[in-house]
Amino acid sequence: MRENNLYYKSTRGSKKRFLSAATIIKGIADDGGLFVPETIPQANRDLYGLKGVDYKELAFLIMKDFFTDYHQDELKYCINQAYDKKFDTPIIAPLNLKMGVYFLELYHGPTLAFKDMALSILPHLLKKAAQKLNLNKEIVILTATSGDTGKAALEGFAGVEGIKIIVFFPQKGVSKIQERQMLTQEGDNTFVIGIRGNFDDTQRGVKEIFEDPDFNKKMDEKNYIFSSANSINIGRLIPQIVYYFYAYLNLYNKGEIKSGEKINITVPTGNFGNILAAYYAKEMGLPVNKLICASNENKVLADFFNTGIYDKRRELVMTISPSMDILISSNLERLLWSISEGENELVKELMNSLGEKGLYQINSTMKKKLKYFYGGFVTQEESRQSIKEVFEEAKYLIDPHTAVGYAEYKRYTKETQDKTKTVIVATASPFKFTKSVMESINSRYKEFDDFELIEKMADLARASIPPGIKDIGKRPIRHKMVCGKKEMRAKIAEILSF
């Protein structure tokens, strides 16, 4: 352990300080807040001296300053186990220049979504943390998913000794392929449960279980402990910082940008974790001009950045970008803590207001500190037009979430005339959303189902079907549990036999 350790504390006022291993195990603070680093480490190495650095090397250089209680060999082991041949490209996170922007492809992992970038390493970080803390309890990963986190977490934790994983998902709030990916997951330690409700119901239910002292006491008595694979877990969030530095270095090394030149980053977001990682990268010293937060018709984040008011009192819209169909963006709490300069009581007051009244408003000082963000939203029709436009003009397929990012990028540049080079985060493979993508390109594909369209998409794109979904329509359904939000505790107790 190093002398200058980085400590974490809750966004909501608890005075307890934790090293990274303990926060990764706990997932969420005892007072219901999220763990945040007391300070953001600065990229203290010459950024432009890293020419030719590969993804693993960069991951180590960044993560070692956040996970200071991990020995270097422990951290390198976790990184090497994570970023290996399970990714279909040695580059891990390639950039693809199309339509005048750089698409950062984060879907080359085993489950075809950006969640693989962090959930490939989280199981190893968690396992090492348990060893470091001499934890003699079985860890139960409890996760709510809007589509991609579930499968990525299941894939990462399947077969890991000493860990069970229970994933809850909104039964009608994911794509057919996302659902089939989860329901066919193998592994005796994996459990998938459909919720009769939306993602916010699912996420709220999981958070309430984490905060339930009586249920956690029963868990303790049975020698279990909860942890999380959602981006509320700092061990999930920090690894996401890496690919923003990696994208910048690739642009620099290719001569696309000059030393110190700022870039814009556009992120399609719902739960705010992915764009928060970009914000942390900026705080570390990455030259960023604007962070463009792109929402779909559930535009609670766009409204927040434009007004300073976060108001969830609206009807959830079910869209073709289901992973963004969210009204409670959990990770925004970490940004509130940052722009309030660590005013825990203020953050607690705001979050209590959200829970009790359904909204909160930040003060003018905090709102001024949002100047690096730009928030906008995109309609479903605009998303579909973007998919069609990018394919027809560049012969490049993008999924409905990436399409939200592209459409909002276009609106932003038109409104601001900002010519800054832009990276758009491509969050998922189009193969996960075959029906939405193919129907957007040509209405004749409406007669086919999601699984039939996998081969047709491969033919259209002149690409191989990714191994992660090859023959997915023929795999046996292994998980059949369904329940209401109020039954979630009972299902967990049933799985854990208490």
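The values are calculated or read from the model by the stated rules, or taken from the named source; none is laboratory data. Every value quoted in this text rests on a predicted model; they were computed, and no experiment measured them. So basically every Cβ, Gly included, is an ideal-geometry build from the backbone, and we count neighbours across all protein chains shown.
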Checklist entry - In the list 37, 41, which residue meets the criterion of being touching a Phe, Trp or Tyr at 6+ places or on another chain (Cβ under 8 Å) and under 24 Å from residue 351 (Cα atoms)? => result 37
Next on the checklist: Of all residues being polar (S, T, N, Q) and out of contact with any helix residue (DSSP H, G or I) (no Cβ under 8 Å at 6 or more places or on another chain) in region 123-155, which is nearest to residue 192 (Cα to Cα)? Just the residue, please.
Outcome noted: 136
Checklist outcome for this item: All conditions in (1) within 20 Å of residue 403 (Cα to Cα); (2) more than 18 Å from the chain's Cα centre (by Cα); (3) assigned to a helix (DSSP H, G or I) are true of residue 348 except (1)
Next on the checklist: Quick test of your reading of the structure: residue 376 fulfils all but one of (1) outside any strand (DSSP E or B); (2) touching a helix residue (DSSP H, G or I) at 6+ places or on another chain (Cβ under 9 Å); (3) not aromatic (Phe, Trp, Tyr). Name the failing condition by number.
Outcome noted: (1)
Checklist entry - For region 64-102, how many residues are surrounded by fewer than 19 Cβ atoms within 10 Å (Cβ to Cβ) and among the small types (Gly, Ala, Ser)? => result 1
Checklist entry - So residue 144 fits all but one of (1) modelled with pLDDT of 95 or more; (2) touching a Phe, Trp or Tyr at 6+ places or on another chain (Cβ under 6 Å); (3) crowded, with 17+ Cβ neighbours inside 10 Å; what number is the exception? => result (1)
Checklist outcome for this item: Per the filter on region 18-39, residues hydrophobic (A, V, I, L, M, F, W, C) and either in a loop (DSSP other than H, G, I, E, B) or closer than 17 Å to residue 277 by Cβ (or both) are 19, 24, 28, 29, 34, 35, 36
Checklist entry - What residue, of 338, 330, 383, is of a type in the set (S, T, N, Q) and either touching a strand residue (DSSP E or B) at 6+ places or on another chain (Cβ under 9 Å) or without any contact (Cβ under 8 Å) to a residue 12 or more places away in the chain (or both)? => result 338
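Rundown of residues vs (1) of a type outside the set (Phe, Trp, Tyr); (2) farther than 23 Å from residue 318 by Cβ, yes/no style:
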position	(1), (2)
435	yes, no
441	yes, no
445	no, no
448	no, no
459	yes, yes
467	yes, yes
472	yes, no
Checklist outcome for this item: Note on region 13-32: residues buried (at least 19 other Cβ atoms within 10 Å of the Cβ), at pLDDT 95 or above and of a type in the set (Gly, Ala, Ser) are 20, 21
Item to check | Close pairs (9 angstrom Cβ cut-off, 6 or more residues apart or separate chains): over 20 Å from residue 194 (Cβ atoms) and touching a residue at least 60 places away in the same chain (Cβ under 8 Å) in region 462-477, surrounded by 13 or more Cβ atoms within 10 Å (Cβ to Cβ) and β-branched (Val, Ile, Thr) anywhere | outcome: 468/111
Checklist outcome for this item: Filter region 303-320 for residues that are among the hydrophobic types (A, V, I, L, M, F, W, C) and part of a helix (DSSP H, G or I); the one that is surrounded by the fewest Cβ atoms within 10 Å (Cβ to Cβ) is 305
Next on the checklist: Just to check your reading of the model, which residue among 360, 374 is touching a Lys or Arg at 6+ places or on another chain (Cβ under 6 Å) and either under 21 Å from residue 426 (Cα atoms) or of a type in the set (Ser, Thr, Tyr) (or both)?
Outcome noted: 374
Checklist outcome for this item: When region 417-458 is checked residue by residue, the ones that are among the hydroxyl-bearing types (Ser, Thr, Tyr) and touching a Lys or Arg at 6+ places or on another chain (Cβ under 9 Å) are 420, 422, 427, 434, 436, 440, 445
Checklist entry - Under 7 Å by Cβ, and 6 or more places apart or on different chains, what pairs join a residue from region 211-233 that is on the phi < 0 side of the Ramachandran plot and charged (D, E, K, R) with one that is at pLDDT 95 or above and assigned to a helix (DSSP H, G or I)? => result 222/496
Item to check | Long-range neighbours under 8 Å by Cβ, at least six apart or interchain, first residue free of Cβ contacts under 8 Å to residues at least 12 places away in the same chain and surrounded by 13 or more Cβ atoms within 10 Å (Cβ to Cβ) within region 349-371, second in a helix (DSSP H, G or I) and not acidic (Asp, Glu) | outcome: none
Checklist entry - Does region 49-63 hold any residues that are surrounded by 13 or more Cβ atoms within 10 Å (Cβ to Cβ), of a type outside the set (A, V, I, L, M, F, W, C) and in contact (Cβ under 8 Å) with a residue 40 or more places away in the chain, and which are they? => result 55
Next on the checklist: Any residue that is under 15 Å from residue 377 (Cα atoms) and surrounded by fewer than 18 Cβ atoms within 10 Å (Cβ to Cβ) - is there at least one of those in region 280-302?
Outcome noted: no
Checklist entry - Out of all the residues in region 147-163, which are surrounded by fewer than 24 Cβ atoms within 10 Å (Cβ to Cβ) and touching a residue at least 12 places away in the same chain (Cβ under 8 Å)? => result 158, 159, 160, 162, 163
Next on the checklist: Return the pair list, or none, for Cβ contacts closer than 8 Å from residues in region 482-498 that are touching a residue at least 12 places away in the same chain (Cβ under 8 Å) and surrounded by 17 or more Cβ atoms within 10 Å (Cβ to Cβ) to residues that are part of a strand (DSSP E or B) and small (Gly, Ala, Ser), at least 6 apart or on different chains.
Outcome noted: 483/194
Checklist entry - Does at least one position in region 379-392 carry a residue that is surrounded by 15 or more Cβ atoms within 10 Å (Cβ to Cβ), touching a helix residue (DSSP H, G or I) at 6+ places or on another chain (Cβ under 6 Å) and within 29 Å of residue 235 (Cα to Cα)? => result no
Next on the checklist: Give me the residue from region 448-472 that is small (Gly, Ala, Ser) and surrounded by fewer than 15 Cβ atoms within 10 Å (Cβ to Cβ) and, out of that set, nearest to residue 88 (Cα to Cα).
Outcome noted: 464
Item to check | Within region 72-107, tally of residues that are in contact with a Ser or Thr (Cβ under 9 Å, 6 or more places away or on another chain) and either without any contact (Cβ under 8 Å) to a residue 40 or more places away in the chain or hydroxyl-bearing (Ser, Thr, Tyr) (or both) | outcome: 7
